[in-house]
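These notes are about the structure you will find just below.
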Amino acid sequence: MVSMDFLLRSLIFLLLSGQLFSSLDTIKPNQVFRYGDILISKNKTFAFGFFKPGSSVQSYLGIWYNKIPEKTFVWVANRDNPINNSSEVLLINRSGNLVLLDESRNVEVWSTNVSSKNSNIAQLLDSGNLVLMGQISKVVAWQSFDYPTDTLLPNMKIGIDLKTGLNRFITSWRSSDDPGTGKSIFRLDLSGSPQLVLCSGPTLVFRVAPWPWIWPFGDNAGMYKATFDNNKDEISQWFTMEDPSIVMHFMVDEIGSLKRLAWDDQSRQWNKFWSFPIDPCQEYGHCGAYASCTPGSKNSFVCTCLTGYKPKSPRDWYLRNGSDGCVRKRNLSMCGNGEGFVKVGHVKLPDTSVAQAWMGLNSEQCKQKCLRNCSCSAYSAIYTSERGNVCLLWFGELMDIVTYTDWGLDLHVRIDSIDLEKNEDFFLKKGKLVIPLLSVGMVSVLVVTILCIQLIKRRKYKVHRGQGEHKRASIISVALRCPKGISTPYNLQEGNSHVDLPVYDLRTIIEATNNFSSTNKLGQGGFGSVYKGQLPDGQEIAVKRLSKDSGQGPMEFANEMMLIIQLQHKNLVKLLGCCIHKEEKMLVYEYLPNKSLDTFLFDQSRNGYMSPEYAIFGKFSTKSDVFSFGVLLLEIISGKRNNFDFREDPSLNLIGYVWDLWREERALEIVEPSLKESLLSNEVLRCIHVGLLCVQDRAIDRPTMSDVVFMLGSNTSLPPPKQPAFFLSAPSDVDKWIIGAKQCSVNELTITHVNAR
């Protein structure tokens, strides 16, 4: 019969020899952990012990998922020092370190190698982290999370501990049979602004979008959350699970792939959510420097040079090899020479090893910081919920840009003045003050600004074959003459100006418009109304019928005809002819659908967008659209139209009202209330200042559009604005000319009928 004393002694022996470790999560001092023993975390999530991977005959000490039938290892202690038999032991030595000893117990195969005066214990946590900590103090002296192998678990950090200098990264296994350190490394690159990179040996293979990136590479469906920390103690990145029931990790393999895996209980296998790189655009530098890679089909070339750049090797580019990248189109200085930025949207930002980050700078401040440094090649202003405003500046080649359709950040690339003017982002955003180029009242301004219409030499029309029964054409000849002594700032000379244009009789126009029926009316402006009509041959027309009290006399009528004839472009409405009968004056245009003709013909004059030299003399120049731009800018800031009725002084229009406030240093009072809280006062004042410069009386005093762009995008001092045009409370040169011009008379207006050919 076995005595109770014998049983008790046997139980103590088994405990001390480590034979019951399979039910524990801790190794204590004086305990010996042998081959076949297992530590299991509290909730039985992870296990720790000796194992032989694949077909290997050598043994390793590591951690694996405990509940998953497919044995998956997440950490290996002695990955580069395997053991060849089953006699090695693991224990906590007198110095408090966890050590793996050979069969002689004299040679350390592996050790935690820390200095500790505490009596330590080793414990396997449910996070998969094996920690060495004080038995009483619980102060962690060492943890396996600081020495990862090929797997990144939740809460496991990648990056550097600035206090100890420890750099944490994951490296691939050499093979499925050998967990030794492989050639693929996934780490946090700390040169420049931090970014995660995947390398195969010394070669950079794949680069995660730099911080503040969208981690990790796409939609995570709320499964996990990424955190980046950059402080005096550490620069690191880690992720946590939003849904703890999901078993997921990242890993890197020997062929240079980064994978995200999640366990599926139903199929009882690891599902691969993605593996990078998976297409050419994800390969680092696939399109070289200053180029963007757009993922597409295998049959299309994915590389595109950035605005202002051209292929470095046109031959290779033609052969669809973009690895040499792009170079600047011209060797113009981009340092205080009118340069600016072009926005490239929805991109993975370029390699940040040549970038620096500043906290707390908004978009405009970020832009100015880049503009002031001639070495700055691009910037990106980003807002993050954790860190607020972040400004990234690049000081070198822009490498590894990828353009997407549904996610990404905005990159602003520095380009020279020539490409800046050509770019469609010619009108820049100013904070939240967006210039709405496509507003109805600016359709004509948009056309002349973008297309840079040039006045061409006046041309005589061929004799026009009449419509329907009208087989005769007419030539209208207008000559204007003004008395001597009238001051004309635009130097209108005495003499004749001839316009050759087909003339329609009044009966034809009445029939075409159904006697100017209200159902045919397209719109109404300051000079009259516009009606839709149809000629006997079916051609649709739009008739601008000048009101008798419009203030547009024969001179303005002739000027408008002259201007429309001279401005020839596919995006400008075409003048077909005119109709003059006693007091009736009408212009016949081609019909444009969607009831838009009233916009083309009247919105500028009605709202005051029309420059004085155009409104009075029909003279159009590049300074005319500058004036229109200035009016629109002031309208956006104030939220009021130029023809708004100001109760304080009904004689003032918007321009005059802003001018009065500017002179009294009260210009901020004009700002739309909804904008006041979201805009910086100095930025608003600068916009108002630029707007007043654009609407100055004399065209020669106004800046060019390239000057306007530079003024809005810099902090350089601005010249004081002079009195604007159409300022009603104090007559300007233009106002005086309007008064004097009333003395001008039509010297000759003749209509000559010519037989049709």
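Of the GluC sites (Glu not before Pro) found in region 43-126, those that fall in a DSSP loop while having at most 11 other beta-carbon atoms within 10 Å are Glu70. Ligands, DNA and RNA aside, Ser119 has an accessible area near 70 Å² when probed at 1.4 Å. Full extension of the chain between Ser95 and Thr72 yields a length gain of 5.0 nm, computed as 0.36 nm times the residue separation minus the alpha carbon distance. Among Phe33, Phe73, the order of accessible area from largest down is Phe73, Phe33, computed with a 1.4 Å probe on protein heavy atoms. Cross-link pairs exceeding 23 Å in C-alpha to C-alpha distance, out of Lys259/Lys312; Lys117/Lys157; Lys343/Lys369, comprise Lys259/Lys312; Lys117/Lys157. Extension gain, Lys272-Asn321: 0.36 nm per intervening residue step, less the Cα-Cα distance, totals 14.6 nm. Computed with every protein chain present, the accessible area of Tyr35 is close to 80 Å² [probe 1.4 Å]. Between amide H atoms placed 1.01 Å from N, distances below 5 Å from Arg174 occur with Gly180, Gly182, all of them 5 or more places distant or on a separate chain.
Close amide-amide hydrogen proximity is noted between Trp110 and Leu100, each under 5 Å apart and 5 or more residues distant or on a separate chain (H modeled in the peptide plane; Pro and chain starts excluded). Each residue of region 692-709 in order: what ³J(HN,Hα) in whole Hz does its phi give by Karplus 6.51 cos²θ - 1.76 cosθ + 1.60, θ = phi - 60°, with x for Gly and Pro? 3J(HN,Hα) across region 692-709, in whole Hz: 5, 5, 6, 9, 4, 3, 8, 4, 5, 7, 6, x, 7, 5, 5, 5, 4, 4. Given their separation in residues at 0.36 nm each and the Cα-Cα distance between them, Ser385 and Asp233 gain 52.6 nm when the chain is fully extended. Residue order by solvent-accessible surface for Thr164, Thr181 is Thr164, Thr181, largest first, with ligands and nucleic acids left out and a 1.4 Å probe.
Applying a DSSP loop filter and a limit of 12 other Cβ atoms within 10 Å to the trypsin sites (Lys or Arg not before Pro) in region 662-714 leaves Arg666. Going 7 Å from the Cα of Ser176 in the Cα-to-Cβ direction, what parts of region 45-59 have a backbone nitrogen less than 13 Å from that spot? Residues 53-56 qualify, since their backbone N sits under 13 Å from the label point. If you sort His412, His249, His286, His346 by accessible surface, 1.4 Å probe, largest first, the order is His346, His286, His412, His249. Cross-link pairs exceeding 30 Å between alpha carbons, from the set Lys67/Lys138; Lys676/Lys722; Lys44/Lys272; Lys71/Lys232; Lys310/Lys348; Lys585/Lys722: Lys71/Lys232; Lys585/Lys722. When you filter the trypsin sites (Lys or Arg not before Pro) in region 276-352 for DSSP loop state and at most 16 other Cβ atoms inside 10 Å of their Cβ, you are left with Lys298, Arg320, Lys329, Arg330. Region 327-371 and region 39-106 have their alpha-carbon centroids 51 Å apart. Taking all protein chains as they are arranged and a probe of 1.4 Å, the heavy atoms of Lys183 leave approximately 110 Å² accessible to solvent.
The values are calculated or read from the model by the stated rules, or taken from the named source; none is laboratory data. Everything quoted here is computed from the prediction, not taken from an experiment. Positions of Cβ are generated from backbone atoms using ideal geometry, with glycine treated the same way; all protein chains shown enter the neighbour counts. Accessible surface is based on the protein model in full, side chains and every heavy atom, while ligands, DNA and RNA are left aside. Shrake-Rupley method; radii C 1.70, N 1.55, O 1.52, S 1.80 Å.
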